[in-house]
């Protein structure tokens with residue numbers, strides 16, 4: 001198997017990155033690890049998120065990946081800098097790409113960010129946005145109820161709209177024309193989110209923007225897979241929790257046949 005692209009996430013959220021990588025880089029092999037058994041990461045302490053993230057990264061490094069995408073905003077906030085300095089392969093996070101696109105898209109200079117408790121508490125989006133445009137006005141909101149809903153796999157349940165409405169209620173009264181989906185789980189329920197905020201608000205998927213950045217970095221470094229007219233990819237998916245639930249969500253979202261292996265990380269790294 002040729003060297004692949006490693007993608008890690010606290011659960012199924014990183015599949016939104018994966019979908020965009022599949023679209024943009026169809027010749028690349030993907031190795032995905034979703035820590036579904038320990039999801040969500042948002043409410044967890046910093047040290048725990050760091051430990052779990054490094055375990056997933058170490059596991060994928062055993063498979064000789066050529067690039068790594070930290071497809072979880074909470075993990076990006078905690079380990080991106082440390083891992084980027086440690087590894088020689090390209091390492092892409094999901095926060096800065098999303099912030100750059102939001103600044104490009106906003107007309108009013110008023111941006112909202114929704115994410116997990118860990119991501120919002122880190123202030124990383126606020127810092128990234130202000131660094132790019134000091135005058136931008138940012139309102140941030142933690143939405144802890146959304147990740148468990150997505151991980152449950154009921155992406156089109158009618159109750160989803162009510163859950164999203166309640167989660168976004170604190171944004172009512174704030175004016176913004178751009179909303180960063182600061183958790184890679186959220187694009188899976190963007191249909192509900194758009195309904196709640198209205199069609200005039202532009203949704204920014206940090207997942208899509210991270211995939212674009214990966215594509216640009218691999219191209220610049222001349223690391224893209226090539227194979228003439230033949231696309232012969234072998235993707236591998238790993239989950240620490242319920243394998244069947246992971247497969248059902250992955251197949252619905254990616255639109256491809258998915259096989260997954262259930263992995264106990266601590267045993268696998270012994």
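Every number here is computed from the coordinates shown, using simple stated rules; none is lab data. Given the structure is predicted, the values throughout are model-derived calculations rather than measurements. All Cβ positions, glycine included, derive from the backbone under ideal geometry; neighbour counts span all protein chains shown.
The table for this structure:
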quantity: Protection proxy ranking of 135-142, 193-200, 176-183 - average other beta-carbon atoms within 10 Å, highest first; calculated: 176-183, 135-142, 193-200
quantity: Cα centroid of region 1-56 to Cα centroid of region 151-201, whole Å; calculated: 22
quantity: Choice from 14, 152, 98 showing the highest fluctuation, given a GNM over the chain with Cα pairs closer than 10 Å; calculated: 152
quantity: With Cα atoms, 0 to 90° folded angle of helix 46-61 axis to the chain main axis; calculated: 30
quantity: Acute angle (nearest 10 degrees) that the helix 159-168 long axis makes with the longest principal axis of the chain, alpha-carbon atoms; calculated: 60
quantity: Footprinting exposure proxy for 212, 222 (fewest neighbouring C-beta atoms within 10 Å first); calculated: 222, 212
quantity: Two-decimal ratio, the chain, of alpha-carbon radius of gyration to 2.2 N^0.38 Å; calculated: 0.95
quantity: Candidates 252, 20, 209, ranked by Gaussian network fluctuation over the chain, Cα under 10 Å, top entry; calculated: 252
quantity: Choice from 259, 213, 85 with maximal GNM fluctuation in the chain (Cα, 10 Å cutoff); calculated: 85
quantity: Calculated P(r) tail over 25 Å for region 95-206, as whole % of Cα pairs; calculated: 15
quantity: Crossing angle, helix 15-24 versus the chain [Cα axis fit, 0-90 degrees, rounded to tens]; calculated: 70
quantity: Taking 124, 56, 223 and counting other C-beta atoms within 10 Å, the order from fewest to most; calculated: 223, 124, 56
